[in-house]
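Enquirer: Structure incoming, see below.
The values are calculated or read from the model by the stated rules, or taken from the named source; none is laboratory data. Keep in mind that what you see is a predicted model, and the values were worked out from it rather than measured. All Cβ positions, glycine included, derive from the backbone under ideal geometry; neighbour counts span all protein chains shown. All accessible areas refer to the heavy atoms of the entire protein, side chains included, with ligands and DNA or RNA removed. Shrake-Rupley method; radii C 1.70, N 1.55, O 1.52, S 1.80 Å.
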Amino acid sequence: MINEHMTSLRSFLGQAEVPPDVGCLTEIVTLTKKSKYQDLEGSDVITRALVWQWLESLLDVQDVTSLAKKVNCHLQNRTYVVCDKFTLVDVVLFYILYNTIKESSTYEQQTQLNHLARWFDHMQHKEEILVGREVQLFVKNRIY
């Protein structure tokens, strides 16, 4: 799943020398370490381990809809996915879930994906994360 979004990740993190035969997770972490976003990997051992765990789990995702529902539940009491800090996982999930949020109805956003929609709206206003994508508008008032 992450492979499909490597172009966006490279645009966000910047271009850097990465050996050609490394996996995408190693490439992402290498780009992060060489970018101005070095802190996205995590500032302590536990955060870095959780970031790596999340990234590994995203490699095998087949169904983006079920991922969206799982992340929605996870974000029920959180602002960010890992340790309430903006991390690389937030960036990767933003790119993976962009089309799902874009195609979801206002009803779905307000009833089934409300925590994910809140998180997504917050993420899209972060510096440079959109990388050529358009801002998605969210209705704050319940209309259903």
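Enquirer: Is it true that V64 is in contact with a strand residue (DSSP E or B) (Cβ under 9 Å, 6 or more places away or on another chain), of a type in the set (V, I, T) and either closer than 26 Å to C24 by Cα or open to solvent by 20 Å² or more (accessible area, probe 1.4 Å) (or both)?
Expert: no
Enquirer: Against the condition in a loop (DSSP other than H, G, I, E, B) and at pLDDT below 95, how does V61 come out, does it pass?
Expert: Yes: the conditions hold for V61.
Enquirer: Out of T106, T26, T7, T47, I need the residue that is open to solvent by less than 10 Å² (accessible area, probe 1.4 Å) and either among the polar types (S, T, N, Q) or on the phi > 0 side of the Ramachandran plot (or both). Which one?
Expert: Going through T106, T26, T7, T47 in turn, the sole match is T47.
Enquirer: Please name all residue pairs, on different chains or six or more residues apart, with Cβ atoms under 7 Å, provided the first residue is in the stretch 53-67 and is free of Cβ contacts under 8 Å to residues at least 60 places away in the same chain and the second residue is open to solvent by 50 Å² or more (accessible area, probe 1.4 Å) and polar (S, T, N, Q).
Expert: From residues that are free of Cβ contacts under 8 Å to residues at least 60 places away in the same chain, there are no pairs.
Enquirer: So which of D63, D90 ends up being among the charged types (D, E, K, R) and in contact with a Phe, Trp or Tyr (Cβ under 7 Å, 6 or more places away or on another chain)?
Expert: Result: D90 is the single residue among D63, D90 that is among the charged types (D, E, K, R) and in contact with a Phe, Trp or Tyr (Cβ under 7 Å, 6 or more places away or on another chain).
Enquirer: Looking only at the stretch 26-38, which residues are part of a helix (DSSP H, G or I) and within 30 Å of Q109 (Cβ to Cβ)?
Expert: I28, T32
Enquirer: Right, something else. Please work out if A68 is in a loop (DSSP other than H, G, I, E, B) and among the aliphatic types (A, V, I, L, M).
Expert: Against the criterion (in a loop (DSSP other than H, G, I, E, B) and among the aliphatic types (A, V, I, L, M)), A68 does not qualify.
Enquirer: Take L93 and tell me if it is of a type outside the set (S, T, N, Q), within 30 Å of Q110 (Cβ to Cβ) and in contact (Cβ under 8 Å) with a residue 60 or more places away in the chain.
Expert: The answer is no for L93.
Enquirer: Another question about this same structure. Give all pairs with beta carbons closer than 7 Å in which a residue from the stretch 114-132 that is under 14 Å from L9 (Cα atoms) and of a type in the set (A, V, I, L, M, F, W, C) meets a residue that is outside any loop (DSSP other than H, G, I, E, B) and open to solvent by 60 Å² or more (accessible area, probe 1.4 Å); count only pairs at least 6 apart in sequence or on separate chains.
Expert: From residues that are under 14 Å from L9 (Cα atoms) and of a type in the set (A, V, I, L, M, F, W, C), the pairs are V131/S11.
Enquirer: Residues of the stretch 109-144 being open to solvent by less than 70 Å² (accessible area, probe 1.4 Å), modelled with pLDDT of 85 or more and either in a loop (DSSP other than H, G, I, E, B) or in contact with a strand residue (DSSP E or B) (Cβ under 8 Å, 6 or more places away or on another chain) (or both), which ones?
Expert: Result: L113, single match.
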